[in-house]
Structures are given as structure tokens and as C-alpha cells.
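Presented below is the structure to which this report refers.
The values are calculated or read from the model by the stated rules, or taken from the named source; none is laboratory data. Just so we're clear, the structure is a prediction, and the values are computed from it rather than from any experiment. Ideal geometry is used to build each Cβ from the backbone, glycine not excepted, and the neighbour counts take in all protein chains shown. Accessible surface is based on the protein model in full, side chains and every heavy atom, while ligands, DNA and RNA are left aside. Shrake-Rupley method; radii C 1.70, N 1.55, O 1.52, S 1.80 Å.
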Amino acid sequence: MSKRKLIVRLKHLYLHAYVWFWIFVAIFPVLWIISMSLDPRNISKPTTLTLIPPGASLAAYLRVLKHPYQGANVSFVRLLWNSLLVAGGTALLSVLFGATAAYAFSRFKFPGRKAGMLSFLVVFMLPASATLAPLFVILTFLHIRDSLWGLVFAYTSSSLPFAIWNLKGYFDTVPKELEEAALVDGCDRNSAFFRVILPLSVPAIAVTVLFGFMNGWTEWMLAWTFLTKPKSFTLAMTLYNMVGQWNTPWSNFAAFSILVSLPIIIIWFLLQKYIVSGLTLGGVKG
Amino acid sequence: MVDYSDIGLWEKIRRNKLAYKYILPAALVMAIVTAYPIVYEVWMAFTNFSIVNLKNPHPAFVGLRNFIMILKNQVPLENFNFWRTLGFNVIWTVVNVFFHVTIGISLAMALNTPKFALKKLYRALLIIPWAVPSYISALIWRNMFDTQFGAVNLLLAKLGLPHNIAWLTNPNAPIKFLSILPYAFYADLITNVWLGFPFMMVVATGALQSIPKELYEAARIDGASEAGQFFHITLPLIRFAMMPAIMLGVIWTFNQFNIIYLVSGGGPLGETEILVTQAYKLVNPGGLFGIASAFGLVVFLILLGITLFTNRITKATESAL
């Protein structure tokens, strides 16, 4: 082996070690939570680091499916349905309203366009807790604070800036000629949008739907502050409530967090390619 | 797009009627749930709005009292200290983004090495922290930082290192001259670095792949060292692609509610509080709606400043407009 080759090999070896260190960091919490979820002893306190605990079983999963919310009698199916409603509603409304608005920003040069885009950007960086006080008061007066619909509206509003930004960036890359051809062929603007632009923008729409869904599925802070009836609680709130207690049943918590995050992780990996290009396109594109 | 520059404003608006119709639904939702609350917040900020006013919305006008109470740390909430929170928030953001970017770029470069084995598998594994919903990651890490039974201390024990660290409850600083940063800061930091490096790695990978290979060949022929290539080719060329991502990272980290609130809870003694967690606590459990509104406005102004400032550096949005 030549000296040069040896140096390259050593360099690769070193880099592999470096990458493996970070892989270990990245998956350590995941392994820990899987291990805890399989522990049969309904431990409140784990004392060893083992990947597969002795007598591993799915008992914790069954327990949380049967009786998910401590302190209130509400079924897993009910919580799941609430979460699906909130997440699905948020995804649907944000893609519907986001796409139409993004189309206008992409294709029309109307007075107020620049100000509109900038105001969406300002809202994008505004954290939910900064307007929590007035939102709480307003939704209370409108009598929708303690309802899932109030949540859907709040989440849609916080998902829209990204949805519009992301979709506008994508629409900009769809050649105008396609639309013009459709207009010449007798389409009006509406059908050109629904039949030409939308079908060509599936990747960006998929990402927008995913982000809206994720927002609704994982948000717990507004939900926890606004909702009071256990009947309308979500999965995210349930998980938060589990940790809030002094004696966290750790295997139950672990099993539940896996159940809640698994759908998101699966969809995320399926759409990963689009997420990356969507995020970088929206930001980097000139 | 047709150039309408020679016609009047009203005519421009009339000709673009369809555009406004397309924007209307989004604008309506945002007006009700975002814009109106901001306006309402301005009014509330000058009143002594409290829980009782939820039934009777006629609070008294108090002028600038709420703002003065915030700036003078006189808010009746445990451990409230606006200036410490603001300073901590800035340190928190800078340190986090620094680690996100350096780790992200270093991993992207390692995986971009020619003929590197198992690249795809490695990338998929490294991206896992990004795919897990952040509030679940935060809850898991909080659990892992438990003093007696947490995975972090168990791991340290296995490695023969000091392992009775009260990560979340010890108010003292582990590094003496960084006395304002308690153990909980490092717990939050580890969690958030874990959470944030994959995003920067992915962005850096894209940026690295767009650099023409010929540049490196030319540099090698000219006898440039690896370090020289990094500082004179790689870094200047990925800077532009990284800037919008860094700006996004700054805003995300500055407002990283889930990690701070769920891992350290802002404690011990409010030492790891950031602005958004403080804003939340003023409402729940504080119930101090008037002060919370004033606080929200202050946060809003600070963020506006940061956005305009970073936007000027990166010019990220100008090109997109």
C-alpha cells in the first residue's frame, strides 16, 4: 500500500469515528426511550442502561392504550380523534388558504404585495406566547376558547406564514408559459390555478400539509392553556400531563411518547426529500 | 406580469381584484387570530387587565405602569428579572447557533468526503433528532437529566466520570467564571444542540454539493493545504447558502419555548428563563394579562429588531419578494 493511500485510509477511519460519535449522540435518547417502553416492571425509576430490559414486554403500551389520561376518564380513541381533528383541520385550512394566497403573491403584481409578504414574515417570527394574553381574552369573548375549533383557527394562523412563503417560492418556479397556454385554450384564472399550478406543485403541497399537521399534532401549550374539558383533550396534552406528575410512570410515558411521535416520524422520513428542498428553496431561492 | 406603472392606484387595485380574492381567506384568519390580538394587546398593555376582567372587560387605564414594572423587575411573579432573562436569551441563542452551525458543517464535510462508505445510512441516522417532534424530545431529555435515575448520569457513571450531577436543580454554575450559567443551562444546551444540528447539516450538505469540484483541483495543483482550501474555497462559498438557514436558526432558538420550558422549566430560580417562557408564565399561572401584554409587546419589538438586523445582513427576504 502506498503511503498516500494509507493516509487517505487513516483519514477515513478518523472521519468514521467522528461521524459515529454523533450518530451515538443522535440515537442515544431514542434507544433509551425504546428500552424504557419495553420494561415490564412498570418502573418509576430505571437504574441501569440496558437496550432490551429483562423480560421485555409490550405491557406499557397496553396500559396507556387502555387508560391514557390520569386523573380523568377519557379513552385513547377519543384523544386520538381530537388530535386527528385538530391536526387534520389545521393541515387542510393552512394548505387551502395558503395556496390561494401564495398564488396571488406569486402571479399578481398588486398594490400591497410587498407589505403583505413582509407582514407574513413578521408574523412568522412572532412566538405564540407573545400574543397569548390577548388571544386568550378574545377567544374567551367569542366563546370558542374552550373548543377544538378555536385551536384549529389559532394553529392555522401560525402555520399560514410558512405555508404561504413555502408555496410562493415553489409557484415561482412553475413556468408561466404553462398557465398562459391554459388561458389561451379558454381556461379562466381559477381553473388554470386548480388544474395547472396545483397539480404541478405536489411536493410543496405535501410539505405544507405535513407542517400544518405536525403543528396541530404536537402543539400542547395553547391547548393546555385554553382547554378545560378532558373530553376535548389531545394526545400532546396527555403526554405533557404525564410528566407533570411527581411520580412519572416512566415506561408508560416512554410507550406513549413513541405512540404519539411514530406517525410524525414515518411521514417525515417519507417526505424528507421534499422537506429539505422546500425549506432551502423558500429561503435560498433568488 | 404586466407593468401597470402608468395607471392610477385605484385602477391597479381594480385590475387585480382576483388577487385580493385569493388572499382574502388567509388574510381573514390572520386578521382575527393574529392582527386583532396584536392591536388588542396594545390596548391591554396600558390597563390593569386581570382574571376578573374576563367576565367584565372594563379594566382601568394605568398608563406606562406595566412597562415600568417590567423594566424595573417589579412584576409580582417569582424570580422575575427582565434584564437577566434578556441577557440569558442572547447568550443562549449565540451559543446554540454556534454549535449547530459548526457541528452541522463538520458532519456535512465528513459525509461529503469522496468515496466515503455508508454515507446514506449515516445521513438517515443523523437526521433522526430533527424528525422527532421537539416537545417529545424535550420531555425525553428532561427525563434523561434526572439526577438519580436519568440516562445521562447513568452513562457518565458507566464511563467512570462524575455522575451525581443535579442537572436541573443545582443553581450553582459548573464553570466558575461563567457564573450566570447554571447546570440547567448545559442541560438545555445539550438538548437543543441535539435537536438543531441535523438541520444545519442538511443545509450545509446542499451548499457543499453545489461547489464545483474543479475549484478544489485547481487549489490542490496550486499547492493549497486542506485548511487553506477550507478557508478560501469552502467557507466563502457556503456562506451565502447558509445565511438564510442561520437567520432561521437564530429566530427558532431565540424563541425555543419547548426546550426551555419542558427541560429546565426556566429554573432553578429563574436562571434559565428566556423571554417566551417568561411571557407564558405571566399568563399561566400568573393571570397578569395586562403585564403579559406589555411584555408581549416588548418581546415583539425585540424580535422585530433582530429580524430587521439579520435581514439586512443576509438579505434573505429581498430576493424572495
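The helices (runs of 4 or more DSSP H) falling completely within the stretch A:180-266 that include 3 or more residues that are within 23 Å of B:Gly265 (Cα to Cα) map to A:202-218, A:221-226, A:235-244. Among the residues of the stretch B:31-47, those that are facing chain A (nearest Cβ under 7 Å) and either open to solvent by less than 10 Å² (accessible area, probe 1.4 Å) or hydroxyl-bearing (Ser, Thr, Tyr) (or both) comprise B:Thr34, B:Tyr36, B:Pro37, B:Tyr40, B:Glu41, B:Met44.
When B:Leu189, B:Leu178 are checked against the criterion of being assigned to a helix (DSSP H, G or I) and either under 27 Å from B:Lys120 (Cα atoms) or of a type outside the set (Phe, Trp, Tyr) (or both), B:Leu189 stands alone in meeting it. Pull up the stretch B:53-77, narrow it to residues that are in a helix (DSSP H, G or I) and within 12 Å of chain A (Cβ to nearest Cβ), then point me to the one that is most open to solvent (accessible area, probe 1.4 Å). Result: B:Leu54. For the criterion of being within 29 Å of A:Leu235 (Cβ to Cβ) and either at the interface with another protein chain (Cβ under 7 Å from one of its Cβ atoms) or under 21 Å from the mean Cα position of the chain (by Cα) (or both), B:Val90 fails. Residues considered: B:Thr272, B:Thr277. Of these, the only one that is open to solvent by less than 20 Å² (accessible area, probe 1.4 Å) and either part of a loop (DSSP other than H, G, I, E, B) or at pLDDT below 85 (or both) is B:Thr272.
Scanning the stretch A:87-112 for residues that are at the interface with chain B (Cβ under 8 Å from one of its Cβ atoms), outside any loop (DSSP other than H, G, I, E, B) and open to solvent by 10 Å² or more (accessible area, probe 1.4 Å) yields A:Leu93, A:Leu96, A:Phe97, A:Thr100, A:Arg107. Among the residues of the stretch B:233-240, is there at least one that is surrounded by 18 or more Cβ atoms within 10 Å (Cβ to Cβ), within 14 Å of chain A (Cβ to nearest Cβ) and modelled with pLDDT of 90 or more? For the stretch B:233-240, residues surrounded by 18 or more Cβ atoms within 10 Å (Cβ to Cβ), within 14 Å of chain A (Cβ to nearest Cβ) and modelled with pLDDT of 90 or more: absent.
Does A:Ala72 satisfy being in the same structural domain as A:Ile267 (by TED's automatic domain parsing), out of contact with any His (no Cβ under 6 Å at 6 or more places or on another chain) and crowded, with 19+ Cβ neighbours inside 10 Å? When the stated conditions are applied, A:Ala72 does not pass them.
Considering only the stretch B:121-142, state which residues are within 14 Å of A:Leu262 (Cα to Cα) and either aromatic (Phe, Trp, Tyr) or in a helix (DSSP H, G or I) (or both). Quick ask: steps written out before the conclusion?
As a first pass, look at the stretch B:121-142 and keep what is within 14 Å of A:Leu262 (Cα to Cα): B:128-137.
Those that are within 14 Å of A:Leu262 (Cα to Cα) and either aromatic (Phe, Trp, Tyr) or in a helix (DSSP H, G or I) (or both): B:Ile128, B:Pro129, B:Trp130, B:Ala131, B:Ser134, B:Tyr135, B:Ile136, B:Ser137.
Condition check for A:Glu180 on (1) more than 30 Å from B:Leu282 (Cα to Cα); (2) open to solvent by less than 20 Å² (accessible area, probe 1.4 Å); (3) not polar (S, T, N, Q): one failure, at (2).
Which residues, taken from the stretch B:259-287, are in contact with a Pro (Cβ under 6 Å, 6 or more places away or on another chain) and either within 11 Å of chain A (Cβ to nearest Cβ) or among the polar types (S, T, N, Q) (or both)?
B:Val276
It is to be established whether one or more residues within the stretch A:143-152 are within 30 Å of the chain's Cα centre (by Cα), more than 10 Å from every other protein chain (Cβ to nearest Cβ), surrounded by fewer than 17 Cβ atoms within 10 Å (Cβ to Cβ) and part of a helix (DSSP H, G or I). Scanning the stretch A:143-152, I find at least one residue that is within 30 Å of the chain's Cα centre (by Cα), more than 10 Å from every other protein chain (Cβ to nearest Cβ), surrounded by fewer than 17 Cβ atoms within 10 Å (Cβ to Cβ) and part of a helix (DSSP H, G or I), so the answer is yes. A residue that is open to solvent by less than 10 Å² (accessible area, probe 1.4 Å), touching a residue at least 40 places away in the same chain (Cβ under 8 Å) and under 24 Å from the mean Cα position of the chain (by Cα) cannot be found anywhere in the stretch B:152-174. Scanning the stretch B:10-52 for residues that are assigned to a helix (DSSP H, G or I) and small (Gly, Ala, Ser) returns B:Ala19, B:Ala26, B:Ala27, B:Ala31, B:Ala35, B:Ala45. Selection of the stretch B:102-130 for residues being under 23 Å from A:Phe269 (Cβ atoms) and without any contact (Cβ under 8 Å) to a residue 40 or more places away in the chain yields B:Ala110, B:Phe116, B:Ala117, B:Leu118, B:Lys119, B:Lys120, B:Leu121, B:Tyr122, B:Ala124, B:Leu125. For A:Leu121, all conditions in the list (1) under 12 Å from A:Ala163 (Cα atoms); (2) at the interface with chain B (Cβ under 7 Å from one of its Cβ atoms); (3) in contact with a Pro (Cβ under 6 Å, 6 or more places away or on another chain) hold save one; what is the number of the exception? A:Leu121 satisfies all of (1) under 12 Å from A:Ala163 (Cα atoms); (2) at the interface with chain B (Cβ under 7 Å from one of its Cβ atoms); (3) in contact with a Pro (Cβ under 6 Å, 6 or more places away or on another chain) except (3). Residue count for the stretch B:78-101, restricted to those that are open to solvent by less than 40 Å² (accessible area, probe 1.4 Å) and of a type in the set (S, T, N, Q): 4.
One line per residue, one yes/no per condition, for (1) modelled with pLDDT under 90; (2) within 16 Å of B:Ser134 (Cβ to Cβ); (3) facing another protein chain (nearest Cβ under 7 Å):
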{"residue": "A:Ser251", "(1), (2), (3)": "yes, no, no"}
{"residue": "A:Ala255", "(1), (2), (3)": "no, no, no"}
{"residue": "A:Ser261", "(1), (2), (3)": "no, yes, yes"}
{"residue": "A:Trp268", "(1), (2), (3)": "yes, yes, yes"}
{"residue": "A:Tyr274", "(1), (2), (3)": "yes, no, no"}
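For A:Ala26, the conditions (1) assigned to a helix (DSSP H, G or I); (2) assigned by TED's automatic domain parsing to the domain that holds A:Pro175 all hold with the exception of (2).
Examine the stretch A:74-86 for a residue that is over 30 Å from B:Ala110 (Cα atoms), more than 9 Å from chain B (Cβ to nearest Cβ) and outside any helix (DSSP H, G or I), and state whether such a residue exists.
The answer is yes; a qualifying residue exists.
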